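Notes to accompany the following structure.
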Amino acid sequence: MIPRRLLLLYPALLAAPFSARASNYPNMPINIVTPLASGDAADTAARLMSHEMSKSLGVPMTVVNRPGAGGSIGTQSVIRAPKDGYNILFAQNSPLTIRRLIDPANASYDPTKDLIPIGLTTRSPSILVVRGDGKFKNMQELLGLARQNPNTLRIGNAGPGSVGDISVQLLSELTGTEITSVNYKGAAPAVTDLIGGHIDAIILALGAVSSHIKSGVLKGLAISSKFPEFSDVPTLGELGYKSEIQGVWFGFFMPAGTPTEITALVAKALEKSVKEPAIAARLQPMGIVQEWSDGAALTKEINKEYLQVKALLEKTKARLDKPGSHPSL
């Protein structure tokens with residue numbers, strides 16, 4: 001029989017090796033996993049912040065791109081990773097709130113329970129754009145087509161369950177119109193088809209279209225929040241509507257069960273990188289704003305957005321289920 005005093009020590013003995021590893025953290029390179037393809041503005045943000053964090057933590061940090069299934073593949077990979085602090089998720093709101101509602105079979109996770117939110121770091125407004133030489137000069141003219149000819153207005157987005165896709169549903173709900181949301185496999189083909197005249201408009205993160213707006217190829221009609229460089233583009237609120245199209249945010253997460261001393265150390269390094277002026281200066285021309293909120297605030301934002309999107313999808317379920325309402329190109 002094991003003596004009682006040893007039984008009382010047993011939990012501590014089990015935890016000792018992990019605690020020892022935590023106190024020695026970090027002692028090898030750290031992976032920043034992002035469910036995005038390489039090369040876009042958010043990927044650049046991840047690389048800039050990870051480089052800055054590596055200075056604070058004293059080890060290399062490598063960005064690993066794992067796109068697919070609307071971001072759920074990369075997200076799941078971190079959820080299943082060892083709880084040792086060497087795999088960190090940098091993800092946007094689409095796989096963490098929207099994807100869970102429209103594709104629960106592949107996104108059957110809760111980012112506030114299966115992950116530890118470390119902090120919100122980055123925001124990018126969403127913007128509705130049309131061709132600069134096209135027939136629509138403002139939102140009133142665009143929505144006029146939707147009112148006169150239901151399901152004729154075609155607005156593209158970066159994919160099913162993306163912020164742009166949900167924003168089309170919200171726009172339909174706010175304006176009492178029937179708008180067709182056209183799902184693409186990423187932002188680039190949506191932009192190409194708009195420029196080619198195959199669709200009427202797109203809703204994407206500002207960074208994906210900012211260069212085209214500056215050149216005059218595309219024109220912004222509505223934006224989710226004001227942005228200094230495009231201050232002439234109104235929000236829906238400024239146009240008299242009670243809600244805005246949905247914006248994009250990004251945050252850092254670690255697997256649930258990661259020791260508190262590790263998450264606290266990463267959060268400290270992350271906050272420092274987010275507040276680095278040089279990074280903010282490089283990202284603003286790409287339509288990205290650095291903004292720090294801690295893990296508790298990020299958790300609240302996730303839960304609030306999840307409930308808002310859920311309510312919207314319940315209201316528009318009939319429209320979403322209608323054949324042909326979501327053509328994919």
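Candidates are the residues of the stretch 49-78 that are assigned to a helix (DSSP H, G or I) and of a type in the set (D, E, K, R); the one that is farthest from Tyr184 (Cα to Cα) is Lys55.
Annotation: Ala46 fulfils all but one of (1) open to solvent by 40 Å² or more (accessible area, probe 1.4 Å); (2) closer than 15 Å to Ala269 by Cβ; (3) touching a strand residue (DSSP E or B) at 6+ places or on another chain (Cβ under 9 Å); the unmet one is (1). The set of residues in the stretch 178-206 that are closer than 25 Å to Thr122 by Cβ and surrounded by fewer than 23 Cβ atoms within 10 Å (Cβ to Cβ) comprises Asn183, Lys185, Gly186, Ala188, Pro189, Val191.
Considering each residue of the stretch 18-27 in turn, at least one proves to be at pLDDT 95 or above and either in contact with a strand residue (DSSP E or B) (Cβ under 8 Å, 6 or more places away or on another chain) or open to solvent by 40 Å² or more (accessible area, probe 1.4 Å) (or both). Of the candidates Ser77, Ser124, the single residue that is touching a helix residue (DSSP H, G or I) at 6+ places or on another chain (Cβ under 6 Å), surrounded by 16 or more Cβ atoms within 10 Å (Cβ to Cβ) and among the hydroxyl-bearing types (Ser, Thr, Tyr) is Ser124. Exactly one residue out of Ala107, Ala37, Ala46, Ala81 is part of a helix (DSSP H, G or I) and touching a residue at least 12 places away in the same chain (Cβ under 8 Å): that is Ala46.
In the stretch 201-212, the residues that are within 12 Å of Ser167 (Cα to Cα) and free of Cβ contacts under 8 Å to residues at least 24 places away in the same chain form no Cβ pair under 9 Å with any partner that is open to solvent by 10 Å² or more (accessible area, probe 1.4 Å) and in a strand (DSSP E or B), whether six or more places apart or across chains.
Give me the residue from the stretch 226-280 that is among the acidic types (Asp, Glu) and surrounded by 15 or more Cβ atoms within 10 Å (Cβ to Cβ) and, out of that set, nearest to Lys214 (Cα to Cα).
Glu244
Where residues in the stretch 282-310 are among the small types (Gly, Ala, Ser) and open to solvent by less than 20 Å² (accessible area, probe 1.4 Å), which of them is nearest to Leu171 (Cα to Cα)? Applying the filter and picking the extreme gives Gly287. Looking at the stretch 84-101, which of the residues that are of a type in the set (D, E, K, R) and in a helix (DSSP H, G or I) is nearest to the chain's Cα centre (by Cα)? That would be Arg99. The residue of the stretch 135-177 that is surrounded by the most Cβ atoms within 10 Å (Cβ to Cβ), among those that are in contact with a Lys or Arg (Cβ under 7 Å, 6 or more places away or on another chain) and closer than 21 Å to Leu36 by Cα, is Gly161.
The values are calculated or read from the model by the stated rules, or taken from the named source; none is laboratory data. This structure is a prediction, so every number in the text was calculated from the model and none was measured. Here the Cβ is made from the backbone with ideal geometry for all residues, glycine too, and neighbour counts use every protein chain on show. Surface areas here come from the heavy atoms of the whole protein model, side chains and all, with no ligands, DNA or RNA. Shrake-Rupley method; radii C 1.70, N 1.55, O 1.52, S 1.80 Å.
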